[in-house]
Structures are given as C-alpha cells and as structure tokens.
Amino acid sequence: MATISTLDALARAADLGASAGRERDLTIRQRDIDEPLVLDSLTAGRLALQRVNVAGAVTLRSCVIEELVVDHCTADALLVSNSRIGRLVVRNTPRNTEIDVSETALEALDVHSCGPTRFEGVRVSDSVQISAMRGPVQLKRLRAATLALRSQAAVGRQRRPQVSLENLHITETITLDDLWLASLTLDEVDVAALLLRRVRVDEPFRGTGVRCRDGLRINGMVVPGEASALLDSEVRGPVVVRGLRHAETVPAQRRQATADTAPAAVAAAELVFRSSTISSLAASADEVSPVVVELADTSVRALAVPVGPARYRLAGTSSVQEVDLGDVVFRNDEHVTGFLDRVFTRVTPGALEAVRSTLTGRRRMSEGDQLYYFTRQREAAERPLLRRLGGRALLGGVLGWGVRARNPARTLGAAMLSTAVALHLSGAARGSRDGGLLDLVAAGKALVLACALWLNVGVGAPSELKTHAWTALAVGCTGGGILFTTLTVGIVIRKLVR
C-alpha cells in the first residue's frame, strides 16, 4: 500500500494515461485497484471516483480538494480526516462500506444511499444532506448551516438505521423527513429550528440538552408504547406537536393485530418534556390516535388549547404562565371543569393555577374569583372528614372563601328568615292583641325583629323577652350579622374597586 500525494500518482495507480493527472481535475471510471488507496496531502480541483473497486479502504488525510465525488464505488471504507474539501458527494456505496469523516472542513456535504455513516468534528459552511440511508448515522461535534436526513433505502426491522446526533451546532434548521428508524437520539443539539416530519421510531425518541432558538415542530411522528421525551431542553420559539401517533394505531399494524381479536381501547401517543423551558406549546390530534403531552418540572410561557383528542398533563413542579382561553367564559363550576377537561388529562392544582393566573393577567377578575373558589373547594374535598366539612361547608358554602359575595349574603338571608319563623312560631314577637299563627301582621313583626337582630339595628325587644336568654340570642345574632354583612360588603367593594 503506497501513499499517494499527487494526481499523477493516483492516475498511475488507476492505470490511466500518462496525461490524465496533469490537470487539477481527475475522473476515474470503472477501474479495479488491487490495493487500498491512501491519499495524503493531495491537492486537486475536482476528483471523481465513479464505479471504482478498491481492495481495501479509501483514505484521505490532510487533502485540499475543491470537489470530491465518490459514486458507485466499492471499498471497505471511505475515511476522510484533517482535510479541506469544498463539496463532498458520496453516492451508492455498498451496505457494508463505512463512511467516516473526521476533523474536516467542507462547504457542502451530500451523502446518498450509503451504509454506516459517521461524522465527527466536521465543519460545514453550507448544508449537510443525508438521504436514502442504508445504515446507522452518527453525527458528533458537527457544525453546519443546515442538516437534513431524508428517507432510507433499508427495509425490514433488522435493517432500520439508528440515528444519533451529539453535540451539534446548526445555525438554521435540522430536518428529519420520511424516516423509519430503529432509534433516534439527540444530545446537546443547538439549532434554530428542529423539524420532525413523518418520522417513525421503534424505540422511544430521546433528546437531552436540545436548544431550539426558533421552534420545534413534530408532524406525523409515530412512536412506540413507552413515552418519548425531551430532557433538560430549551425551546425559545413555538413547539407544535401535530399528528403524533401510537404505533398500534397505524392502519397496517392495527389490521394485523386485531384481525382475530375484539377491538380494544385506542392507545395514546405520549411525548414528555422534562426539566425544560418552552416558549409556547400547541398540540393537535386526529380522532384515530389521542395524544398526551406531559410537562414534568417544565416551564411554559403560553399554552394553546389542544385540537382534537390531544391533552396536556402537568406533573411535578411544572408551571404555565398563560393559557389560551379563546372565547371561553367561566360563569360556574361546570364551565371550569368543562374547559379543564378539554385541555388537561385531569384537573390538578397546577392546571387551575395556570388558568387563574391567565384570567388575572387579563383583568378578568370575576372569573378569576370563580377559579379561586373552585380550587379551594377541590382542595378541601381531599382533606380528612372533619377538615373537609369545615372547609367545604363553612369556609366555602357559608363564607364563600372570601371571594363569593352571594354565599355570605345567602347565609345571612337564610338566618334572618329562620329566626323570624322561630320567633313567630314561639309567639315571642306576638302581642296580646295579635292573632294566631296565620296573622300576617304578627308574622311581619317577627320578620322585622329578626332583621333588627341580625343587622344590629337596635330597635329593642318586647318587654316580656328582656331576659338573659334574650340577651344571649341578641348577642349571637348580632355577632353573626356583623360577620356576614362585613364580608358581603367587603367582597362587593373589592369587586367594584378592581
């Protein structure tokens, strides 16, 4: 194995004419080379290897080539290291031919229908395109303007490629389109926009340390049963999850799986954002496959109402600053539960707080109070029996948690009516000239006396009731009246001031 440093030497190794390598460009077609090719410190304009069979590996070290084309070549491997190449094109290599490019600077990189591909420490000023993959793809410490991985030539479960992207810095977009992969892993990827279109994975998709400056879009992705996840990531732009599907809901597999069995419940496709920061999140799903997007210890600035059977799940210490409410109006508890069931998998304190903070931020204070009351009632319902009765019945039902004026007002009105009925039935408010129980004048006197007691008007009492029992009754009614009146007036004034 000889080291080749000039085009003349390369032409002689390929049994070309004496003048073939005198120019800066060289094309070798349909040649058989019986030993490995090692190009070291070679300088060329355009070098093309077309249908060349090499007995061993093709190695380029410290080369400067404006354009390198390797098309339909057979070799054990194509190894490029410490070189400067303008445009590198590799097409249609055998499945077992490894493509390995390391510590190399390029302007553009195009790999089509090749076997195992590995790039490490590669700097590309323009685009990187990998299509019709026939083996695993590993990209590590890659810097480029754009990166696109599209389709694959391999079929069958054993031939589905594995894709690993590690420590990438892409100034514009990463696009993964029309792929069926054994696995997909992203680790420390910095990119403007990440697009996953029509990507199917046999193992759960995993991303760690993904930073998207302009957004993340997932469209038509098929995932297995276990939830796919993005961990410790940051997306400053919008996150759009559309058409995420569970593998069991794909028509071909579903027909095969349920041909001899009764139909079962449709499984939900799950995607988890854990310990991440997201600017905005929107999810949509069709009726075939429900979607669950889980936010675990994740902060989201804006959350859009999902479309179709898509839902959000809040877990851990997740927080949502704003929820898109649309034209929803919260007038009662049914409106609250209906909206939350449409957006979240279940009603949690985090979900309630997210909606309430949104209402407060939009100055919809009355509806915010409705959410506050609903939240406190739900919290009280989860406590032990005595605390549940004290919370829901006394603080909620009677006092309205300090935000519902109608609850203390209603309690005060019911107390005055009950006191009036008791005074009238006992005859305490009827004089000697009054009639019986059916006397409306006597009933009116009892009602006025009851109102005076509860409202602390101080009209006095009948002479025959000036006893210690009457004093205790007056003090009790007056104390309750002051409480309910003050609370009702305070809530009304608070609403008017806001």
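The values are calculated or read from the model by the stated rules, or taken from the named source; none is laboratory data. Keep in mind it's a predicted model, so treat the numbers as computed, not measured. Cβ sites come from the backbone with ideal geometry, for glycine too, and all protein chains shown count toward neighbours. Ligands, DNA and RNA are stripped out before the accessible areas are found, and what is left, the full protein with its side chains, is counted by its heavy atoms. Shrake-Rupley method; radii C 1.70, N 1.55, O 1.52, S 1.80 Å.
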Hey, what's the Kirkwood Rh for the stretch 278-380 if you take every pair of different alpha carbons, in angstrom? 13.7
Quick one: Debye curve from the C-alpha atoms of the stretch 50-129, no solvent, what's log10 I(q)/I(0) at q = 0.13, 0.15, 0.24 Å⁻¹? -0.33, -0.44, -1.19
Nothing charged except the Cβ atoms of Lys and Arg (+1) and of Asp and Glu (-1): what's the magnitude of the dipole of the stretch 1-100 about its Cα centre? Round to the nearest 20 debye. 280
Descending accessible area (1.4 Å probe), largest on the left, turns 133, 416 into 416, 133
Among 314-327, 93-106, the order from most to least packed when residues are scored by Cβ within 10 Å on average: 93-106, 314-327
At each listed q (0.14, 0.18 Å⁻¹), what is the log10 of I(q)/I(0) that the Debye formula gives for the stretch 1-141 modelled as equal alpha-carbon point scatterers? -0.57, -0.98
How much FRET efficiency would the formula 1/(1 + (r/R0)^6) give for residue 288 and residue 29, where r is the Cβ-Cβ distance and R0 is 45 Å, rounded to 0.05? 0.30
Accessible area in square angstrom per residue, the chain, 1.4 angstrom probe: 48
Considering Cα pairs under 8 angstrom that are at least six residues apart, work out the relative contact order of the chain and quote it in whole percent. 5
For all pairs of alpha-carbon atoms in the chain, what percent lies in each bin of width 10 Å, listed from the first bin to the last filled one? 4, 15, 17, 14, 12, 10, 8, 6, 5, 4, 3, 2, 1, 0, 0
Label-point separation (nm) for residue 366 and residue 328, each offset 7 Å from Cα along Cα-to-Cβ? 1.9
Largest-first ordering by accessible area, 1.4 Å probe, given options 337, 298: 337, 298
Roughly how much of residue 113 is accessible, in Å² to the nearest 10, using a 1.4 Å probe? 10
With no solvent and one point on each alpha carbon, what is the Debye value of log10 I(q)/I(0) for the stretch 194-245 at q = 0.17, 0.20, 0.21 Å⁻¹? -0.50, -0.69, -0.76
Measuring from its Cα centre, the stretch 59-216 shows a charge dipole (+1 at each Lys and Arg Cβ, -1 at each Asp and Glu Cβ) which, in debye to the nearest 20, is 400
So how much accessible area does residue 73 have, in Å² to the nearest 10, using a 1.4 Å probe? 10
In the stretch 164-214, what is the volume of the convex hull around the alpha carbon atoms, normalised per residue and reported in Å³? 61
